[in-house]
Each structure stands twice: as structure tokens, then as C-alpha cells.
Amino acid sequence: MHAPHFRFKARRAARGFTLVELMAVVVIVGILSTIALVGYRKYVASAKGAEAIDMIANIKAAQEAYKHETFGYLDVTSQQDLTAYYPDNPAPGRSKMNFDGTNALAASWKQLGVQAAGPVTFVYASTAGTNSAPTPLGSGITVTNWPGTINAPWYVVKARADFSGAGVDTVFASASFTGDLFSANN
């Protein structure tokens, strides 16, 4: 009487997984892979932004050293709207360029003494002035508490790159009158 019952249990155990069990595993794997993909994208975006953060710190240090020697900051891009970027990268964010470029701004950047550890993905601009309204950051980034006038020498630095190629720039900016680093779309 016990033998047939034993055979039934052995046959049932050998059948494998049910469709419901397999679907549950597929759903769990899908959720885990989605979470991993989101985390990976955040990591990649953070890594790409690290270049701009480092270069802005280098530019700020170079501006301060320049001011220590000349009592004023260097207006590197000679543009009051932060649209003359260096290096002359036709696809910032999608290709890398050496920071030792040859466009019209190369001499000013060399005078400032800014160097990059390797090729850069972002393009950079830096304006300066004294006893005036600091250059607005322009399109791509908004700062609500930007000062109207600075009664001292000042500079503004901005980095920009379009990683997706869709016309949406990742932007970082800072200035001499703030220790903050502003960012948008990163």
C-alpha cells in the first residue's frame, strides 16, 4: 500500500518547475537587471562629471594664482556670455580632445596655466571682470541667487558636454565669489 504512494512522489519531484515558478523567476531577474542598469547609468554619469569637477577646480586654482600675481583675474574667453569654449571640440561629450588646442583661445588658456591630465570630454569657458555684474551662466543652467554686482574682481567658469547627442547639455559652473559648484542635467 505504501509503494504506489512512494512512486507518485518520486514522479512528481522529477517533473521540474511549473510555468508559474519559471515566470516568477523571469520577473525577479527582470527587476534586478532594471535596478542594475539604473545604477550603472548613474555611475557612468557620475564618472563623466568627475572630469568637469576636477577641471573646474584646476581653473579656479589657476585663476587665484593669476590674481595673486596680477591683482586681477584673466578674462580667458573674452566673451561676456560664456559661449566661446575651449578646446574646439565639435562633439563635446561624445568625443575627447586634447586640452592643448590650437584655436584662438589657446594662448589665453596657456597664459592662465591650466592643464589637463589627459584628453577632455567637456569644453570650458571662463570670463572675468571687476566691479560689475558677473557674467550670467547662460543657457543650460539656472542659479536663482546669482548676484547683481560684485564690487571686486571676479571670474566665472563653465563646463559643457552633450553625452546623448540629443542637444541636452550637462553643465557645471562655479565662480570666484562662491564655493558652490552648480550643475544641470548630470
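The values are calculated or read from the model by the stated rules, or taken from the named source; none is laboratory data. Please read these numbers as outputs of a predicted model, since none were measured by experiment. In this analysis, Cβ positions are derived from the backbone assuming ideal geometry, glycine residues included, and neighbour counts consider all displayed protein chains.
If you take the residues of the range 92-102 that are surrounded by fewer than 13 Cβ atoms within 10 Å (Cβ to Cβ) and not acidic (Asp, Glu), which of them is nearest to Met55 (Cα to Cα)?
Step one: list which residues in the range 92-102 are surrounded by fewer than 13 Cβ atoms within 10 Å (Cβ to Cβ), which gives 95, 98, 100, 102.
Next cut, not acidic (Asp, Glu) only: 95, 98, 102.
Values: Ser95: 17, Asn98: 13, Thr102: 19 Å.
Out of the qualifying residues, it is Asn98.
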Lys67: basic (Lys, Arg) and surrounded by fewer than 16 Cβ atoms within 10 Å (Cβ to Cβ), yes or no? no
Listed residues Lys60, Lys42, Lys9; which is at pLDDT below 95, assigned to a helix (DSSP H, G or I) and either among the polar types (S, T, N, Q) or surrounded by 10 or more Cβ atoms within 10 Å (Cβ to Cβ) (or both)? Lys42
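Take Val157 and tell me if it is free of Cβ contacts under 8 Å to residues at least 40 places away in the same chain, closer than 21 Å to Asp88 by Cα, in contact with a Lys or Arg (Cβ under 7 Å, 6 or more places away or on another chain) and not hydroxyl-bearing (Ser, Thr, Tyr). Let's see the steps before the verdict.
Details: free of Cβ contacts under 8 Å to residues at least 40 places away in the same chain: no; closer than 21 Å to Asp88 by Cα: yes; in contact with a Lys or Arg (Cβ under 7 Å, 6 or more places away or on another chain): yes; not hydroxyl-bearing (Ser, Thr, Tyr): yes.
Spelling it out, it is not the case that Val157 is free of Cβ contacts under 8 Å to residues at least 40 places away in the same chain, closer than 21 Å to Asp88 by Cα, in contact with a Lys or Arg (Cβ under 7 Å, 6 or more places away or on another chain) and not hydroxyl-bearing (Ser, Thr, Tyr).
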Under 8 Å by Cβ, and 6 or more places apart or on different chains, what pairs join a residue from the range 163-185 that is on the phi > 0 side of the Ramachandran plot with one that is in a strand (DSSP E or B) and buried (at least 21 other Cβ atoms within 10 Å of the Cβ)? Asn185/Thr170; Asn185/Val171
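To keep it simple, each residue is scored yes or no on (1) within 22 Å of Gly179 (Cβ to Cβ); (2) modelled with pLDDT under 85; (3) assigned to a helix (DSSP H, G or I); (4) within 16 Å of the chain's Cα centre (by Cα).
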position: Phe99; (1), (2), (3), (4): no, no, no, no
position: Thr102; (1), (2), (3), (4): no, yes, no, no
position: Ser126; (1), (2), (3), (4): yes, no, no, no
position: Ala152; (1), (2), (3), (4): yes, no, no, no
Given the conditions (1) within 18 Å of Phe182 (Cα to Cα); (2) in contact (Cβ under 8 Å) with a residue 40 or more places away in the chain; (3) touching a Leu at 6+ places or on another chain (Cβ under 9 Å), which single one is not true for Val143? (2)
If Trp146 satisfies all but one of (1) part of a strand (DSSP E or B); (2) farther than 19 Å from Ala57 by Cα, what's the number of the condition it fails? (1)
